[in-house]
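Once you've had a glance at the structure underneath, I'll fire off some questions.
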Amino acid sequence: MGAELADVSEDAVLGGRLVLRQLLRGHRFGHDAILLAAAVQASPREHAVDLGAGVGAAGLALAHRVPGLSVTLAEIDPDLTALAAGNAKRNGLDKRVRAVCLDVEASTAAFAEAGLPSGCAGHVLMNPPFNAGSHQASPDRARRVAHLASDETLGRWLGTAARLLGTSGVVTLIWRADGLADVLSALTLAFGSASVLPVYPKPNAAAIRVLVRAIKEGQAPLKLLPGLLLADGNNKPSEQAEAILRGNSALPMTD
């Protein structure tokens, strides 16, 4: 592993169900990864690909919740890829979860060489970089890669997702709430039947995130779902948030 042990912290998530190592500096996973995993409605014996997986938090949370699901963690940074592979083994998931060092925007041939040919997945999940243009770049390179995007990034990531997915495959992503229009616009090239679930930090506050699920070549109209409230007026986690973030419950995206 490229990162020395002293540069790594060990953090429990899902109420201690998973213990993950991650770098002390740079991008560190948070609630977004767990919310993303909760929104993926996968089944045993399916294959899911986590694009831009980091140390594997979302993909591993999903694999933990869905026994028999195989997951590939695709990450561009070799240190994070090594940590992701180690996290899969550490949590007893390495028979179903593997990590590959791969740029999301790599060629079809590069994906095939990594064991990810076109049409190989039933699900793709992703938390793409979503801070473009006007946002100040972090001086830390790993954090910049994780958070900064160009105007074309989302479309390219969704293009990769469409290629990896088989017929009627499902993409699930988390994004800034104020960027929902950009997500819906980018989806139109290959996806339809979109469902959107807003995430609210507290009562009477604007949404901070949206979870979006869409089907490859889907034809159903857009569906706006009831939102998820993370905390109540006393800043205590809501019952539903606790069930997801600590209990690893699923977050329905089709009702």
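Quick check on my filter: what residues within segment 30-79 are assigned to a loop (DSSP other than H, G, I, E, B), under 10 Å from the mean Cα position of the chain (by Cα) and under 18 Å from residue 116 (Cα atoms)? So that I can check it myself, show each step before the final result.
Just the residues of segment 30-79 that are assigned to a loop (DSSP other than H, G, I, E, B), to begin with: 30, 39-46, 52-56, 66-69, 76-77.
With the extra rule that they be under 10 Å from the mean Cα position of the chain (by Cα), the set shrinks to 39-40, 52-54, 56.
Correct list: 52, 53, 54, 56.
Might you check whether a residue that is surrounded by fewer than 21 Cβ atoms within 10 Å (Cβ to Cβ), in contact (Cβ under 8 Å) with a residue 40 or more places away in the chain and in a strand (DSSP E or B) occurs anywhere in segment 202-209? Steps first, please.
At the first step, the residues of segment 202-209 found to be surrounded by fewer than 21 Cβ atoms within 10 Å (Cβ to Cβ) are 202-208.
Cutting the leftovers down to in contact (Cβ under 8 Å) with a residue 40 or more places away in the chain gives us none.
No, segment 202-209 contains no residue that is surrounded by fewer than 21 Cβ atoms within 10 Å (Cβ to Cβ), in contact (Cβ under 8 Å) with a residue 40 or more places away in the chain and in a strand (DSSP E or B).
Determine if segment 20-28 includes at least one residue that is touching a Leu at 6+ places or on another chain (Cβ under 6 Å) and either surrounded by fewer than 24 Cβ atoms within 10 Å (Cβ to Cβ) or on the phi < 0 side of the Ramachandran plot (or both).
Quick first cut of segment 20-28, residues touching a Leu at 6+ places or on another chain (Cβ under 6 Å) only: 21.
With either surrounded by fewer than 24 Cβ atoms within 10 Å (Cβ to Cβ) or on the phi < 0 side of the Ramachandran plot (or both) added as a condition, the list becomes 21.
Yes, the conditions are met somewhere in segment 20-28.
Residue 255 fails exactly one of the following numbered conditions: (1) of a type in the set (D, E, K, R); (2) under 27 Å from residue 67 (Cβ atoms); (3) modelled with pLDDT of 95 or more. What is the number of that condition?
Residue 255 satisfies all of (1) of a type in the set (D, E, K, R); (2) under 27 Å from residue 67 (Cβ atoms); (3) modelled with pLDDT of 95 or more except (3).
A follow-up question, please. When you check residue 245 against the structure, is it surrounded by 18 or more Cβ atoms within 10 Å (Cβ to Cβ), in contact with a helix residue (DSSP H, G or I) (Cβ under 6 Å, 6 or more places away or on another chain) and farther than 21 Å from residue 171 by Cβ, yes or no?
Criteria met by residue 245.
Among the residues of segment 169-201, what is the count of those that are within 15 Å of the chain's Cα centre (by Cα), without any contact (Cβ under 8 Å) to a residue 40 or more places away in the chain and surrounded by fewer than 17 Cβ atoms within 10 Å (Cβ to Cβ)?
0
The values are calculated or read from the model by the stated rules, or taken from the named source; none is laboratory data. Since we're looking at a predicted model, the values are computed, not measured. For neighbour counting, all protein chains shown are included, and Cβ atoms are generated from backbone atoms with ideal geometry for every residue, glycine included.
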